[in-house]
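Please read the structure below before turning to the comments.
None of the figures in this text is laboratory data; all of them are computed from the coordinates on show. Bear in mind the structure is a predicted one, so any value in this text is a computation, not a measurement. For neighbour counting, all protein chains shown are included, and Cβ atoms are generated from backbone atoms with ideal geometry for every residue, glycine included.
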């Protein structure tokens, strides 16, 4: 899991426009439901394949 979070650093941008308008938002959630642990990820479409590659 640490490798996933480390790879997310590539999404961060230090450009001034991103500082003014804001960075892209990501959401990672763990849910325990009926004896299972579910993992949900919400990211902008432009990062879909990057995140899928890191999870698989």
statement: Fewest to most Cβ atoms within 10 Å: 5, 47 sort as 5, 47
query: Using helices alone, what [θ] at 222 nm do you get for the chain, with -39,500 (n - 2.57) per DSSP H run of 4 or more residues, divided over all residues and rounded to the nearest 500?
result: -8500 deg cm²/dmol
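Based on the alpha-carbon gyration tensor of the chain and its eigenvalue square roots a ≥ b ≥ c, which shape applies: rounded if a/c is under 1.5, prolate if not and a/b is larger than b/c, or oblate?
Numbers: a/c = 2.66, a/b = 2.03, b/c = 1.31.
The shape class here is prolate.
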- line: Here, residue 39 and residue 21, labelled 7 Å along Cα→Cβ, have an inter-label distance in nm of 3.1
